[in-house]
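Asker: Next up is a structure, given as structure tokens.
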Amino acid sequence: MKFNKKAKLIQLIHIGKSQLGLDDELYREVLESCTGKTSSKLLSIPQLEAVLDRLKQLGFEVDSKNKTGVKNLASDDQSKLIRHLWLRLHETGAVKNGSELALAKFVENRLGVSALQFLSTEHASMIINHLRQWCNRIGLDRLTPA
């Protein structure tokens with residue numbers, strides 16, 4: 001018998017939360033930014049799929065096939081913050097393409113470094129500051145979880 005689709009999506013989302021190392025507060029912010037709700041159990045299948053897509057944008061890989069074309073995504077705190085800011089800018093329309101590849105190209109254009117995992121702490125801080133300034137210019141108030 002096939003696994004219930006909703007249950008399977010919830011399971012994948014929780015695996016993604018774990019794999020990405022999201023704390024409960026950031027996880028609930030991701031849910032809310034995608035759906036307006038803070039519990040996966042309250043979501044419809046399309047909403048669950050939207051959350052799963054967001055987790056994939058943050059670097060979660062559901063299977064061994066790498067759909068982003070980027071392997072070994074950086075998972076340090078600075079890289080997670082960079083992705084979070086990038087996706088917030090994407091939500092507002094300030095960034096047209098919210099993918100990991102588009103983010104890598106943005107970083108490469110600014111610093112000549114091809115991916116987040118190759119950024120020094122100093123360069124990552126420069127990208128974070130640039131993205132925060134961009135968020136401020138377009139009026140995004142809450143940049144990170146309190």
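The values are calculated or read from the model by the stated rules, or taken from the named source; none is laboratory data. A quick note: this is a predicted structure, and the numbers were derived from the prediction, not measured.
Asker: Regarding the range 11-33, can at least one residue be identified that is within 21 Å of ASN136 (Cα to Cα), in a helix (DSSP H, G or I) and hydrophobic (A, V, I, L, M, F, W, C)?
Answerer: yes
Asker: Checking LEU58 against (1) modelled with pLDDT under 90; (2) not assigned by TED's automatic domain parsing to the domain that holds LEU20, which test does it fail?
Answerer: LEU58 satisfies every listed condition except (2).
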